[in-house]
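The values are calculated or read from the model by the stated rules, or taken from the named source; none is laboratory data. Computed from a predicted model, the values in this text were never measured in an experiment. Here the Cβ is made from the backbone with ideal geometry for all residues, glycine too, and neighbour counts use every protein chain on show. Surface accessibility is based on the protein's heavy atoms, side chains included, excluding ligands, DNA and RNA. Shrake-Rupley method; radii C 1.70, N 1.55, O 1.52, S 1.80 Å.
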Amino acid sequence: MAQRHTGGAGDAIVIGGGLAGMLAATALLGHAGTVTVIERDRYPEGRAFRKGVPQARHLHILITGGQRALEDLLPGTSAALTEAGAHRLDLPRDLLTRTPTGWPLRFDEGRHHTLSVTRPVLDAVVRERARAAFADSATRVEVREATEVVGLTGDADRVTGVRARPRGGGAPDTLTAGLVVDASGRGSRAPRWYAELGLPAPQEESVDTGLGYATRQYRPGPGGVPDTGVNVPNWPGSPRGGCYLPVEDGIWMLTLAGMRGDHPPTDPDGFLAYSATVGDPYLHSLVAGAEPLTPVHGFQDTRNRRRRYERSGASPRGFLALGDAHCTFNPVYGQGMSVAALGARALRDTLARAVGPLPDTAAAVQREVAAVTDPAWTAAVGADLPYLRAADEKRSAGERLTAWYLDRLAARAALDPVVGAVFRDVFCLTAPLPRLFGPRIAARTVLLPRRPALPAPPESVEAV
């Protein structure tokens, strides 16, 4: 017979102890009497790869909006990541993104930077700092490793807890709480658990370009360390792309990506040959003489998927979804971890304003999580739709006009510091998407001439 562990309406359970789960637990400090984090894996010793993170061997970045949210939740984390070897890349000075019209100018703006880091280092630093915050809080936090949630308890009106068991098997325990936060990632089983409670699955939206990518680590060759990180994205007419960025310990990571079955191979020779076929030969020139350090690792689950838990009547009281359990993005846009941090901050801030018990605050939190997700979702889906609707006859007049405008805007942003600054504000999740359509930006985009960008990566930095 299963053992029952009781908890109060002021207690919380977090499903998943990865990045989103640790940040969710941090957000609950001071708002819950106890927080129980349930993690399927055992954490590795030190800063090592963990099987339960399917994208762990690929490139990860934290953009400005995510860094700010992370700092609000766990002050000093950005500095700790830098001390652990994460690279700060100022935009657009230290990361050059090739556009369909050529290479951009390098501006020393000082407005935005990304942190480029391997996932094991990122997760370990966040976990270390979260545990320090747990120790300093009046909220009691318990982290249960090697434990899996097998279902929710309660009914269609209210979730009252979870059923959990050791991952190796055994009878499940019932843990009760006022709030259950699903931070279990892309593999979330919440829609199935909803059915067990007599609830329909939340409405789901999905946009899938069929992109697949592969990654390998390198040490720069005899030519020396590249001056900048390099990004050659896919674009209509050029379905292969790649990105080459520094991480810790003098290592660089090369990620190659292709659309609809034209995926990069994972054998070493094929992977290197594929790098010569992306939208600009400069990327291949950087890695051709570099020393490979790892095997090639592939990944293909890249669809944008959003579950509309925030809609009226979609969720029972006492249940909340965060991070990839709520919304996943095409990973090439580098938004997922930042949106998880923004969602956790929304959880903390909404609870700080809320009046009433935890079960009744979940709906308000879910709406706020949806609101902070909207800009990234709109940007990712907007960037991916042209691959799905490449033929003009399949696109509405409004879609064609928007695509024309955004094409001109991207070309203008490569050369124009005014347009480029706003473009980066939106991309880095520090400004709303409508800023791209403001009068000043629209005038510079539409009225100023469309000029080709640079034919080769710039060596010097332009004054702003």
Q. When region 146-189 is examined, which residues are found to be assigned to a strand (DSSP E or B), among the acidic types (Asp, Glu) and touching a Pro at 6+ places or on another chain (Cβ under 9 Å)?
A. Glu148
Q. Restricting attention to region 407-464, and to residues there that are of a type in the set (Asp, Glu) and surrounded by 14 or more Cβ atoms within 10 Å (Cβ to Cβ), which single residue is farthest from His112 (Cα to Cα)?
A. Asp407
Q. Tell me, which strands (runs of 3 or more DSSP E) lie completely within region 280-380 with 2 or more residues that are within 23 Å of Asp72 (Cα to Cα)?
A. 319-321
Q: Kindly list the number of the only condition in (1) modelled with pLDDT under 95; (2) small (Gly, Ala, Ser); (3) under 25 Å from the mean Cα position of the chain (by Cα) that fails for Gly221.
A: (3)
Q.
Which numbered condition in (1) surrounded by fewer than 22 Cβ atoms within 10 Å (Cβ to Cβ); (2) under 16 Å from the mean Cα position of the chain (by Cα); (3) modelled with pLDDT of 95 or more is the only one that Leu23 fails?
A. (1)
Q.
Name the single residue that is surrounded by the most Cβ atoms within 10 Å (Cβ to Cβ) among those in region 345-356 being of a type outside the set (Val, Ile, Thr) and more than 16 Å from Thr430 (Cα to Cα).
A. Leu347
Q) touching a residue at least 60 places away in the same chain (Cβ under 8 Å), part of a helix (DSSP H, G or I) and either under 22 Å from the mean Cα position of the chain (by Cα) or more than 30 Å from Ala32 (Cβ to Cβ) (or both), is that true of Ala456? A) no
Q | Residue satisfying all of: in region 234-279; among the acidic types (Asp, Glu) and assigned to a loop (DSSP other than H, G, I, E, B); farthest from Thr82 (Cα to Cα) among these | A | Asp262
Q: Take Ala376 and decide whether it is without any contact (Cβ under 8 Å) to a residue 12 or more places away in the chain and in contact with a helix residue (DSSP H, G or I) (Cβ under 6 Å, 6 or more places away or on another chain).
A: no
Q: Answer yes or no as to whether Arg306 is modelled with pLDDT of 95 or more, charged (D, E, K, R) and either within 15 Å of Tyr213 (Cβ to Cβ) or open to solvent by less than 10 Å² (accessible area, probe 1.4 Å) (or both).
A: yes
Q. Of the numbered conditions (1) modelled with pLDDT under 95; (2) farther than 30 Å from Arg308 by Cβ; (3) open to solvent by less than 50 Å² (accessible area, probe 1.4 Å), Arg111 satisfies every one except a single condition; which is it?
A. (3)
**Q.** Which listed residue is closer than 26 Å to Gly18 by Cβ, without any contact (Cβ under 8 Å) to a residue 60 or more places away in the chain, touching a strand residue (DSSP E or B) at 6+ places or on another chain (Cβ under 8 Å) and of a type in the set (S, T, N, Q), from Thr277, Thr266, Thr176, Thr255
**A.** Thr266
Q) Where residues in region 1-17 are modelled with pLDDT of 95 or more and not charged (D, E, K, R), which of them is surrounded by the fewest Cβ atoms within 10 Å (Cβ to Cβ)? A) Gly17
